[in-house]
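Heads up, the thing below is written out as C-alpha coordinates.
The values are calculated or read from the model by the stated rules, or taken from the named source; none is laboratory data. Please read all numbers here as calculations on a predicted model, not as lab measurements. Neighbour counts run over all protein chains shown; Cβ positions are idealised from the backbone, glycine included. Protein only, heavy atoms only, side chains kept; ligands, DNA and RNA dropped before computing areas. Shrake-Rupley method; radii C 1.70, N 1.55, O 1.52, S 1.80 Å.
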Protein chains: 2
Amino acid sequence: MELALGEAEKAAAAGEVPVGAVIVSAEGEILAAAGNRPRAANDPTAHAELLAIREACAKLGSERLIDCDLYVTLEPCAMCAAAISFARVRRLYFGAYDPKGGGVEHGPRFFAQPTCHHAPEVIGGLNETRASELLKDFFAERR
Amino acid sequence: MELALGEAEKAAAAGEVPVGAVIVSAEGEILAAAGNRPRAANDPTAHAELLAIREACAKLGSERLIDCDLYVTLEPCAMCAAAISFARVRRLYFGAYDPKGGGVEHGPRFFAQPTCHHAPEVIGGLNETRASELLKDFFAERR
(Lines give C-alpha, C1' and ligand atoms only; values in the text may rest on other atoms or scores of the structure.)
Protein backbone atom coordinates (compact mmCIF):
# COMPACT_ATOMS: atom_id res chain seq x y z
CA MET A 1 0.00 0.00 0.00
CA GLU A 2 3.00 2.29 0.58
CA LEU A 3 3.91 1.92 -3.09
CA ALA A 4 0.30 2.64 -4.14
CA LEU A 5 0.33 5.81 -2.01
CA GLY A 6 3.56 6.81 -3.75
CA GLU A 7 1.85 6.37 -7.13
CA ALA A 8 -1.06 8.50 -5.88
CA GLU A 9 1.38 11.25 -4.85
CA LYS A 10 3.00 11.19 -8.28
CA ALA A 11 -0.47 11.42 -9.88
CA ALA A 12 -1.29 14.49 -7.76
CA ALA A 13 1.98 16.14 -8.77
CA ALA A 14 0.96 15.60 -12.40
CA GLY A 15 -2.44 17.24 -11.81
CA GLU A 16 -4.40 14.00 -11.74
CA VAL A 17 -6.79 12.92 -8.98
CA PRO A 18 -4.41 11.14 -6.58
CA VAL A 19 -5.15 7.44 -6.77
CA GLY A 20 -2.50 4.74 -7.06
CA ALA A 21 -2.68 0.99 -7.54
CA VAL A 22 -0.26 -1.93 -7.26
CA ILE A 23 -0.65 -5.59 -8.21
CA VAL A 24 1.30 -8.26 -6.35
CA SER A 25 1.63 -11.92 -7.34
CA ALA A 26 1.11 -14.86 -4.95
CA GLU A 27 4.91 -14.98 -4.60
CA GLY A 28 5.02 -11.32 -3.53
CA GLU A 29 6.39 -10.00 -6.82
CA ILE A 30 5.20 -6.54 -7.83
CA LEU A 31 3.68 -7.04 -11.27
CA ALA A 32 2.42 -3.51 -11.87
CA ALA A 33 2.20 -0.08 -10.27
CA ALA A 34 0.25 2.82 -11.73
CA GLY A 35 -1.28 6.17 -10.89
CA ASN A 36 -4.43 7.73 -12.25
CA ARG A 37 -3.88 9.49 -15.56
CA PRO A 38 -7.11 10.07 -17.51
CA ARG A 39 -6.15 13.69 -18.20
CA ALA A 40 -2.62 13.14 -19.44
CA ALA A 41 -3.72 10.11 -21.46
CA ASN A 42 -6.94 11.67 -22.78
CA ASP A 43 -8.53 8.42 -21.68
CA PRO A 44 -11.49 8.24 -19.27
CA THR A 45 -10.63 4.58 -18.61
CA ALA A 46 -7.09 5.37 -17.42
CA HIS A 47 -7.85 4.82 -13.73
CA ALA A 48 -4.94 3.49 -11.68
CA GLU A 49 -6.56 0.06 -11.24
CA LEU A 50 -7.25 -0.44 -14.97
CA LEU A 51 -3.74 0.62 -15.92
CA ALA A 52 -2.24 -1.73 -13.33
CA ILE A 53 -4.46 -4.64 -14.43
CA ARG A 54 -3.53 -4.14 -18.08
CA GLU A 55 0.17 -3.88 -17.21
CA ALA A 56 0.14 -7.01 -15.02
CA CYS A 57 -1.83 -9.02 -17.61
CA ALA A 58 0.62 -7.96 -20.33
CA LYS A 59 3.51 -9.03 -18.10
CA LEU A 60 1.94 -12.45 -17.41
CA GLY A 61 0.65 -12.89 -20.98
CA SER A 62 -2.78 -13.75 -19.58
CA GLU A 63 -6.18 -12.10 -19.29
CA ARG A 64 -6.40 -13.41 -15.72
CA LEU A 65 -4.46 -12.52 -12.58
CA ILE A 66 -5.07 -15.74 -10.66
CA ASP A 67 -3.87 -15.57 -7.02
CA CYS A 68 -2.81 -11.93 -7.45
CA ASP A 69 -3.76 -9.15 -5.04
CA LEU A 70 -4.55 -5.54 -5.90
CA TYR A 71 -3.81 -2.60 -3.58
CA VAL A 72 -5.45 0.73 -4.38
CA THR A 73 -5.64 3.93 -2.36
CA LEU A 74 -9.34 4.58 -3.06
CA GLU A 75 -12.43 2.35 -3.19
CA PRO A 76 -12.69 1.26 -6.85
CA CYS A 77 -15.48 2.62 -9.05
CA ALA A 78 -17.83 0.21 -10.85
CA MET A 79 -15.62 0.19 -13.95
CA CYS A 80 -12.57 -0.88 -11.97
CA ALA A 81 -14.52 -3.27 -9.72
CA ALA A 82 -15.82 -5.10 -12.80
CA ALA A 83 -12.31 -5.22 -14.31
CA ILE A 84 -10.97 -6.62 -11.00
CA SER A 85 -13.64 -9.32 -11.17
CA PHE A 86 -12.95 -10.17 -14.84
CA ALA A 87 -9.23 -10.46 -14.04
CA ARG A 88 -10.04 -12.89 -11.20
CA VAL A 89 -8.02 -10.89 -8.66
CA ARG A 90 -7.79 -12.83 -5.37
CA ARG A 91 -7.79 -9.99 -2.82
CA LEU A 92 -8.63 -6.32 -3.09
CA TYR A 93 -7.13 -3.98 -0.49
CA PHE A 94 -8.32 -0.39 -0.69
CA GLY A 95 -7.64 2.77 1.29
CA ALA A 96 -10.29 5.50 1.46
CA TYR A 97 -14.00 4.80 1.06
CA ASP A 98 -15.69 6.69 -1.79
CA PRO A 99 -19.38 7.40 -1.14
CA LYS A 100 -19.61 9.62 -4.26
CA GLY A 101 -18.16 7.30 -6.85
CA GLY A 102 -17.34 3.95 -5.25
CA GLY A 103 -18.69 0.77 -6.76
CA VAL A 104 -17.72 -1.76 -4.07
CA GLU A 105 -19.28 -0.52 -0.81
CA HIS A 106 -21.46 2.13 -2.49
CA GLY A 107 -23.79 2.54 -5.47
CA PRO A 108 -23.66 -0.52 -7.71
CA ARG A 109 -21.85 -2.70 -5.07
CA PHE A 110 -20.62 -4.67 -8.03
CA PHE A 111 -19.27 -7.73 -6.21
CA ALA A 112 -22.64 -8.36 -4.52
CA GLN A 113 -24.60 -8.45 -7.80
CA PRO A 114 -25.89 -11.68 -9.34
CA THR A 115 -24.18 -10.54 -12.59
CA CYS A 116 -20.77 -10.71 -10.84
CA HIS A 117 -19.15 -14.07 -11.51
CA HIS A 118 -16.00 -13.67 -9.40
CA ALA A 119 -15.70 -11.58 -6.26
CA PRO A 120 -12.32 -11.02 -4.61
CA GLU A 121 -11.89 -10.95 -0.87
CA VAL A 122 -12.22 -7.25 0.01
CA ILE A 123 -10.30 -5.43 2.76
CA GLY A 124 -11.24 -1.74 2.92
CA GLY A 125 -9.88 1.13 4.98
CA LEU A 126 -6.18 0.19 4.77
CA ASN A 127 -4.09 3.38 5.39
CA GLU A 128 -7.41 5.17 4.99
CA THR A 129 -6.27 8.38 6.68
CA ARG A 130 -3.29 8.98 4.41
CA ALA A 131 -5.21 8.04 1.27
CA SER A 132 -8.05 10.41 2.21
CA GLU A 133 -5.71 13.25 3.10
CA LEU A 134 -4.01 13.05 -0.28
CA LEU A 135 -7.41 13.43 -1.95
CA LYS A 136 -8.57 16.21 0.40
CA ASP A 137 -5.37 18.21 -0.10
CA PHE A 138 -5.63 17.79 -3.86
CA PHE A 139 -9.20 19.08 -4.08
CA ALA A 140 -8.62 21.82 -1.48
CA GLU A 141 -5.80 23.24 -3.62
CA ARG A 142 -8.10 23.33 -6.63
CA ARG A 143 -10.95 25.21 -4.95
CA MET B 1 -25.38 -0.70 -35.81
CA GLU B 2 -24.62 -2.53 -39.06
CA LEU B 3 -20.98 -1.62 -38.63
CA ALA B 4 -21.02 -2.77 -34.98
CA LEU B 5 -22.51 -6.12 -36.08
CA GLY B 6 -19.71 -6.43 -38.62
CA GLU B 7 -17.16 -5.88 -35.84
CA ALA B 8 -18.92 -8.56 -33.77
CA GLU B 9 -18.70 -11.00 -36.70
CA LYS B 10 -14.99 -10.30 -37.05
CA ALA B 11 -14.54 -10.90 -33.30
CA ALA B 12 -16.32 -14.28 -33.58
CA ALA B 13 -14.08 -15.29 -36.49
CA ALA B 14 -11.09 -14.51 -34.25
CA GLY B 15 -12.46 -16.71 -31.46
CA GLU B 16 -13.64 -13.84 -29.28
CA VAL B 17 -17.15 -13.44 -27.84
CA PRO B 18 -18.91 -11.58 -30.69
CA VAL B 19 -19.54 -8.06 -29.53
CA GLY B 20 -18.85 -4.96 -31.62
CA ALA B 21 -19.02 -1.23 -30.88
CA VAL B 22 -18.95 1.96 -32.92
CA ILE B 23 -18.75 5.60 -31.84
CA VAL B 24 -20.28 8.32 -33.99
CA SER B 25 -19.79 12.08 -33.57
CA ALA B 26 -22.64 14.61 -33.55
CA GLU B 27 -21.79 15.27 -37.22
CA GLY B 28 -22.21 11.59 -38.07
CA GLU B 29 -18.50 10.87 -38.42
CA ILE B 30 -17.40 7.39 -37.33
CA LEU B 31 -14.74 8.02 -34.71
CA ALA B 32 -14.03 4.43 -33.72
CA ALA B 33 -15.08 0.86 -34.41
CA ALA B 34 -13.89 -2.14 -32.42
CA GLY B 35 -14.66 -5.75 -31.64
CA ASN B 36 -14.14 -7.63 -28.41
CA ARG B 37 -10.60 -8.91 -27.98
CA PRO B 38 -9.71 -9.77 -24.39
CA ARG B 39 -8.20 -13.10 -25.44
CA ALA B 40 -6.02 -11.87 -28.28
CA ALA B 41 -4.93 -8.85 -26.26
CA ASN B 42 -4.45 -10.74 -22.95
CA ASP B 43 -6.49 -7.91 -21.48
CA PRO B 44 -9.71 -8.44 -19.50
CA THR B 45 -10.62 -4.79 -20.12
CA ALA B 46 -10.49 -5.15 -23.94
CA HIS B 47 -14.27 -5.12 -24.38
CA ALA B 48 -15.47 -3.60 -27.66
CA GLU B 49 -16.92 -0.53 -25.92
CA LEU B 50 -13.74 0.24 -23.96
CA LEU B 51 -11.56 -0.13 -27.04
CA ALA B 52 -13.87 2.12 -29.05
CA ILE B 53 -14.00 4.76 -26.30
CA ARG B 54 -10.20 4.80 -26.00
CA GLU B 55 -9.81 5.02 -29.78
CA ALA B 56 -12.35 7.84 -30.15
CA CYS B 57 -10.85 9.80 -27.22
CA ALA B 58 -7.36 9.44 -28.71
CA LYS B 59 -8.70 10.70 -32.04
CA LEU B 60 -10.37 13.73 -30.44
CA GLY B 61 -7.50 14.36 -27.99
CA SER B 62 -10.03 14.52 -25.16
CA GLU B 63 -11.12 12.35 -22.25
CA ARG B 64 -14.74 13.20 -23.09
CA LEU B 65 -16.92 12.30 -26.06
CA ILE B 66 -19.40 15.16 -25.78
CA ASP B 67 -22.40 14.78 -28.14
CA CYS B 68 -21.12 11.41 -29.38
CA ASP B 69 -23.25 8.27 -29.60
CA LEU B 70 -22.14 4.71 -28.96
CA TYR B 71 -23.63 1.68 -30.75
CA VAL B 72 -22.89 -1.76 -29.31
CA THR B 73 -24.35 -5.15 -30.16
CA LEU B 74 -24.78 -6.28 -26.53
CA GLU B 75 -25.96 -4.56 -23.36
CA PRO B 76 -22.79 -3.14 -21.78
CA CYS B 77 -21.41 -4.65 -18.57
CA ALA B 78 -20.83 -2.45 -15.51
CA MET B 79 -17.22 -1.76 -16.55
CA CYS B 80 -18.29 -0.45 -19.94
CA ALA B 81 -21.38 1.35 -18.62
CA ALA B 82 -19.20 3.28 -16.17
CA ALA B 83 -16.68 4.12 -18.92
CA ILE B 84 -19.56 5.34 -21.14
CA SER B 85 -20.66 7.59 -18.28
CA PHE B 86 -17.13 8.92 -17.61
CA ALA B 87 -16.75 9.71 -21.33
CA ARG B 88 -20.04 11.65 -21.27
CA VAL B 89 -21.48 9.72 -24.22
CA ARG B 90 -24.77 11.29 -25.33
CA ARG B 91 -26.74 8.24 -26.46
CA LEU B 92 -26.18 4.53 -26.00
CA TYR B 93 -27.78 2.19 -28.52
CA PHE B 94 -27.42 -1.50 -27.73
CA GLY B 95 -28.59 -4.72 -29.38
CA ALA B 96 -29.17 -7.83 -27.26
CA TYR B 97 -30.09 -7.67 -23.57
CA ASP B 98 -27.65 -9.47 -21.24
CA PRO B 99 -29.33 -10.83 -18.09
CA LYS B 100 -26.15 -12.70 -17.06
CA GLY B 101 -23.60 -9.90 -17.31
CA GLY B 102 -25.36 -6.67 -18.26
CA GLY B 103 -24.85 -3.57 -16.14
CA VAL B 104 -27.44 -1.23 -17.67
CA GLU B 105 -30.81 -3.04 -17.43
CA HIS B 106 -29.53 -5.80 -15.12
CA GLY B 107 -27.42 -6.24 -11.98
CA PRO B 108 -25.73 -2.97 -11.03
CA ARG B 109 -27.97 -0.83 -13.35
CA PHE B 110 -25.11 1.62 -13.31
CA PHE B 111 -26.85 4.63 -14.85
CA ALA B 112 -29.61 4.53 -12.19
CA GLN B 113 -27.17 4.69 -9.25
CA PRO B 114 -26.63 7.84 -7.17
CA THR B 115 -22.88 7.32 -7.82
CA CYS B 116 -23.45 7.82 -11.57
CA HIS B 117 -22.81 11.44 -12.52
CA HIS B 118 -23.72 11.32 -16.20
CA ALA B 119 -26.27 8.97 -17.76
CA PRO B 120 -26.63 8.75 -21.53
CA GLU B 121 -30.00 8.35 -23.19
CA VAL B 122 -30.37 4.55 -23.58
CA ILE B 123 -32.03 2.76 -26.49
CA GLY B 124 -31.93 -1.03 -26.06
CA GLY B 125 -33.00 -3.86 -28.35
CA LEU B 126 -31.76 -2.35 -31.63
CA ASN B 127 -31.20 -5.22 -34.12
CA GLU B 128 -31.61 -7.44 -31.07
CA THR B 129 -32.34 -10.63 -33.07
CA ARG B 130 -29.19 -10.50 -35.16
CA ALA B 131 -27.00 -9.52 -32.23
CA SER B 132 -28.42 -12.40 -30.14
CA GLU B 133 -28.07 -14.94 -32.94
CA LEU B 134 -24.39 -14.09 -33.36
CA LEU B 135 -23.85 -14.81 -29.67
CA LYS B 136 -25.98 -17.98 -29.65
CA ASP B 137 -24.20 -19.41 -32.71
CA PHE B 138 -20.83 -18.62 -31.17
CA PHE B 139 -21.55 -20.40 -27.89
CA ALA B 140 -23.39 -23.32 -29.59
CA GLU B 141 -20.29 -24.05 -31.67
CA ARG B 142 -18.17 -24.15 -28.52
CA ARG B 143 -20.34 -26.67 -26.62
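Here are some notes:
- Sequence-ordered 3J(HN,Hα) estimates for the stretch B:130-143 from the Karplus curve with 6.51, -1.76 and 1.60 and θ = phi - 60° stand at 5, 4, 5, 4, 4, 5, 4, 4, 4, 6, 4, 5, 8, 8 Hz, glycine and proline given as x.
- Basic side chains Lys and Arg get +1 at the Cβ, acidic Asp and Glu get -1 at the Cβ, and with that the dipole of the stretch B:1-75 about its Cα centre reaches some 300 debye.
- A Cβ-based charge dipole, computed about the Cα centre of the stretch A:43-143 with Lys and Arg at +1 and Asp and Glu at -1, lands at about 120 debye.
- Heavy atoms of B:Arg142: accessible area, 1.4 Å probe, square angstrom to 10: 120 Å²
- Accessible-area composition of chain A, carbon plus sulfur, in percent [1.4 Å probe]: 48 percent
- Once C-alpha pairs closer than 8 Å and six or more residues apart are averaged by separation and normalised to the residue number of the stretch A:26-143, the relative contact order reads 21 percent.
- Buried surface between chains B and A: roughly 2400 Å² of accessible area, summed over both sides, computed with a 1.4 Å probe on protein heavy atoms only.
- At the residue level, B:Leu65 shows approximately 0 square angstrom of accessible surface with a 1.4 angstrom probe and all protein chains present.
- Sorted from closest to farthest, the other copies place their B:Glu121 label points 4.9 nm away, with each point set 7 Å from Cα along Cα→Cβ.
- Residue of chain A nearest the A-to-B rotation axis [by Cβ], rounded angstrom distance: A:Pro108, 2
- Averaged over A:69-82, number of beta-carbon atoms from partner chains that fall within 10 Å: 4
- Under-5 Å amide H pairs with B:Leu74, H placed in peptide plane, nonlocal only: B:Gly20, B:Gly95, B:Ala96
- When only alpha carbons are used to place a centre, the stretch B:45-112 and the stretch A:112-128 end up 22 Å from one another.
- Most positive-pole-ward Cα, A:Pro44, A:Thr129, A:Val22, against dipole of chain A from beta carbon charges: A:Pro44
- Backbone HN-Hα couplings from phi across the stretch B:44-60 [Karplus 6.51/-1.76/1.60, Hz, Gly and Pro as x]: x, 8, 7, 6, 3, 5, 5, 5, 5, 4, 5, 5, 5, 5, 4, 5, 7
- Rounded tilt (10° steps) of A:2-13 against the dominant C-alpha axis of chain A: 40 degrees
- Charges were assigned to the Cβ only: +1 to each Lys and Arg, -1 to each Asp and Glu. The resulting dipole of the protein assembly as shown about its Cα centre is roughly 120 debye.
- Among the residues of A:101-108, the average count of other protein chain beta-carbon atoms within 10 Å of the residue beta-carbon is 5.
- Surface accessible to a 1.4 Å probe, per residue, for the residues of the stretch A:1-122, Å²: 37 Å²
- Restricting attention to the protein assembly as shown, lysine pairs at least eight places apart or on different chains and with alpha-carbon atoms under 29 angstrom apart total 12.
- Under a 5 Å amide H cut-off, with hydrogens placed 1.01 Å from N, B:Val122 pairs with B:Leu92 among residues at least 5 apart or on other chains.
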